[in-house]
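The values are calculated or read from the model by the stated rules, or taken from the named source; none is laboratory data. None of the values given here were measured: they were computed from a predicted structure. Cβ coordinates were reconstructed from backbone atoms using ideal geometry, including for glycine residues, and neighbour counts include every protein chain displayed.
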Amino acid sequence: MLRGLAGSPRSIARLLLLVPVGIARIAFAQAGPGADWPQFGWDAASSGVSHARSGIDSRNLTSLIRRQVAIDGTVDSSAIYLQGVTVNGSAHDVFFVTTTYGKTVAVDAGNAVVLWEYTPPQYSAWAGTAQITTSTPAADPDRQHIYAAAPDGTIQKLAISDGRVLWTTTITLLPRREKIASPLKIFGGKIIAVTGGYIGDQPPYQGHVAIIDAQSGSLLHVWNSLCSDRAELINPASCPASGSAIWGRAGAVIDPATGNLFIATGNGPYDGKTNWGDSVIELDPGATQILANYTPADNAELNDRDIDLGSTSPVLLSPATLAQGGKDTLIRLLSLNSIAGTVPHTGGELQVLSTPSGNLLFTAPAVWNENGQTWIFAADGSGTAAWTFSNGTLTKMWSNSTAGTSPVVAGGLLYIYDPQGGLYVYDPVDGTQLARLDSGNGHWNSPIVVDGKIALPEGDANRHATAGILNLWTLPGDAPARRRRPAIGHR
């Protein structure tokens, strides 16, 4: 929240729409004190756009100083950030990350020192194996707790003060087959987590949407993308169908106005009744009923050819329109009114267009509202592109041939990480490259930009490493990073 300005973030955003674009970018970067980045994509909708101060603009961008924090694992996802929280008895600005083997680490954003590290009890059984998570943690609005996933299919509530566990909840009965790949979300006092499968799609597994009470850890409800008539956490072998993973980088996308959940599924059987492979589904906030559904007319071919519709999560463009990418190199524009209800909806897209380079889409696009115009930014393995959205149509505004993971917009600047190395910063309106910040190689890692700082993990989960790097960029004047961290006991 922009605490230095009166009004809600939405009213402030409307005010900024009246300011010329170039001035607005500087004003947005500088207005008010810092804020939080509490979950993947900044908000529950995973817009990828922060409405808080970034502290970084085109004038100070090139003065950023990089620090590298050595951590006990690879973070193949993104960080979250909380400003001025109490850790070990004193106030700190803190980045939190979860490694592929379930270690959750709190890093002081000022001096790059590890404050605490939570290690799951079964860590030694997974370390170095293919049993991983690529999830991003989520922070409770109380700013005293975070929620993190582990490779054994559990979610932990951790105290920000010292990393201790308050509860642990299981969301799969077969963690060797069902993977928590996507970020956790928090909304309305509930944790929303989803499951998919591992590389190779070895059966049995199903995609689940799990709803957890944030206070108690109770598993409130489960919606299964296969055998969806069974409202429970099922033994995967007990369902005759396998597949239909929910594994998009944004996981479940939440409409902040209604609390409704949007998910996209991967390859799997489809019958429009109880099996929802290669589909977009809208669920009520408790995940108890389907409110809307869609599958492409060629869903059987998508399944046969292993080109998941759900390789990326739905993107909310307006209250009535969403976009859905896929491994088939297409982006589909869908009318929510046209796909509403439980009757199966096949085809009927508003528009179908190519991904940025005609490559598979695995990333979470960003949606930015500026000067009364809605923009969408997406990146794939060979390119980046920007479109504007108006009257039910996407119009391409610019593109380039630089690969990228999930874009973010902060302080009026567009940030995209190339997994071959380098964090690129663009003018979002015309695509002009403003900077390239050095970084190592990665996979699905993506940056966050907040409070005069940038955090970007690097490394690839598929290398099964137990050590990794978190890149931190700060403006000159911050405390220098320590070369070595003090010994910290594992919990």
- Item | Scope the stretch 44-66; condition more than 29 Å from ILE186 (Cβ to Cβ) and not polar (S, T, N, Q); matching residues | ASP57, ARG59, LEU61, LEU64, ILE65, ARG66
- For the stretch 256-277, which residues satisfy the criterion of being touching a residue at least 40 places away in the same chain (Cβ under 8 Å) and closer than 21 Å to SER46 by Cβ? PRO256, ALA257, GLY259, LEU261, PHE262, ILE263, ALA264, THR265, GLY266, TRP276
- Message: Contact list please: Cβ distance under 6 Å, first residue in the stretch 317-341 and surrounded by 21 or more Cβ atoms within 10 Å (Cβ to Cβ), second residue outside any loop (DSSP other than H, G, I, E, B) and charged (D, E, K, R), pairs at least six apart or on different chains.
- Response: GLN324/ARG332
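For the stretch 415-435, how many residues are under 17 Å from SER63 (Cα atoms) and either among the charged types (D, E, K, R) or surrounded by fewer than 19 Cβ atoms within 10 Å (Cβ to Cβ) (or both)?
Final tally of qualifying residues: 4.
For every residue, the table says whether it meets (1) within 18 Å of ILE263 (Cβ to Cβ); (2) acidic (Asp, Glu); (3) more than 22 Å from the chain's Cα centre (by Cα); (4) surrounded by fewer than 22 Cβ atoms within 10 Å (Cβ to Cβ).
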| position | (1), (2), (3), (4) |
| --- | --- |
| LEU166 | no, no, yes, yes |
| ILE192 | yes, no, no, no |
| SER218 | no, no, yes, yes |
| ASP229 | yes, yes, yes, yes |
- Message: Yes or no: the stretch 396-414 includes at least one residue that is in contact with a Phe, Trp or Tyr (Cβ under 6 Å, 6 or more places away or on another chain), surrounded by fewer than 16 Cβ atoms within 10 Å (Cβ to Cβ) and modelled with pLDDT of 95 or more.
- Response: yes
- Query: Across the stretch 349-385, what is the number of residues that are closer than 16 Å to ILE307 by Cβ and either assigned to a strand (DSSP E or B) or free of Cβ contacts under 8 Å to residues at least 12 places away in the same chain (or both)?
  - Reply: 3
- Taking the stretch 170-185 on its own, how many of its residues are of a type in the set (Val, Ile, Thr), buried (at least 23 other Cβ atoms within 10 Å of the Cβ) and out of contact with any His (no Cβ under 9 Å at 6 or more places or on another chain)? 1
- Task: Report yes if GLY153 is closer than 17 Å to GLU458 by Cα and under 22 Å from the mean Cα position of the chain (by Cα), otherwise no.
- Result: no
- Message: Of all residues being surrounded by fewer than 23 Cβ atoms within 10 Å (Cβ to Cβ), among the charged types (D, E, K, R) and under 22 Å from the mean Cα position of the chain (by Cα) in the stretch 59-95, which is farthest from GLN144 (Cα to Cα)? Just the residue, please.
- Response: ASP72
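In the stretch 386-417, what residues are in a loop (DSSP other than H, G, I, E, B) and under 22 Å from PHE40 (Cα atoms)?
Selection gives ALA403, GLY404, THR405, SER406, PRO407, GLY411, GLY412.
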- Message: Being surrounded by fewer than 17 Cβ atoms within 10 Å (Cβ to Cβ), over 16 Å from the mean Cα position of the chain (by Cα) and modelled with pLDDT of 95 or more: is that true of ARG484 here?
- Response: no
- Subset of the stretch 380-397 [more than 17 Å from LEU322 (Cα to Cα) and touching a Lys or Arg at 6+ places or on another chain (Cβ under 9 Å)]: ALA385
- Task: Determine which single condition ALA378 fails, assuming it passes every other condition in (1) under 22 Å from the mean Cα position of the chain (by Cα); (2) farther than 23 Å from GLY421 by Cα.
- Result: (2)
